[in-house]
1. Tell me the per residue accessible area of the chain using a 1.4 Å probe; a whole number in Å² is fine.
2. Within 10 Å, count the other beta carbons around each residue, average over each peptide in 68-74, 17-23, and list them highest first.
3. On C-alpha positions alone, give me the angle between the axis of helix 25-39 and the longest principal axis of the chain, in degrees, nearest 10.
4. Does a label point 7 Å from the Cα of GLN94, set along Cα-to-beta-carbon, have any residues of segment 46-71 with amide nitrogen under 19 Å, and which are they?
5. Considering only protein heavy atoms and a probe of 1.4 Å, how much of the accessible area of the chain is carbon and sulfur, as a whole percent?
6. Determine the relative contact order of the chain: mean sequence separation of Cα pairs under 8 Å and six or more apart, normalised by residue count, in whole percent.
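The values are calculated or read from the model by the stated rules, or taken from the named source; none is laboratory data. In this text the structure is predicted, and so the values were computed from the model without any measurement. Using ideal geometry, Cβ is built from the backbone for each residue, glycine included, and neighbour counts are taken over all protein chains shown. Ligands, DNA and RNA are stripped out before the accessible areas are found, and what is left, the full protein with its side chains, is counted by its heavy atoms. Shrake-Rupley method; radii C 1.70, N 1.55, O 1.52, S 1.80 Å.
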Amino acid sequence: AGIGKCVAMELARRNARTILACRSQERGQAAVEEIRAATGNPAVVLRLLDTSSLASVRAFASAVLRQESRLDVLVNNAGVTGLPFAITSEGLEQTFATNYLGPFLLTNLLLG
């Protein structure tokens, strides 16, 4: 939803292979279908990613590096605000992990 969906829509309009990295399979798949229908670009795909989980970030990055021949643009757009204080299963504060640590790790893993 929001800025991320608009960016994905514009990239797909420009015929880019576009990977939507989403936490929710249902919401992500709905966005993929909407973007494909609006742009006529079949190369819009969904990959699951939870940036609050460093294990999820590592698995996502590994799959992208293994499955994709190249990566030209990375848009780190995930973010949360106003959540109650919570600790992830990896012992990290959830908001900090989601907004900073996960995207930082993802970027560094994909740089190669």
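1. 63 Å²
2. Taking the mean over residues of other Cβ atoms within 10 Å, the ranking is 17-23, 68-74.
3. 30 degrees
4. From segment 46-71, the list is 49-57.
5. 55 percent
6. Taking the mean separation of contacting Cα pairs over the length of the chain, I get 25 percent.
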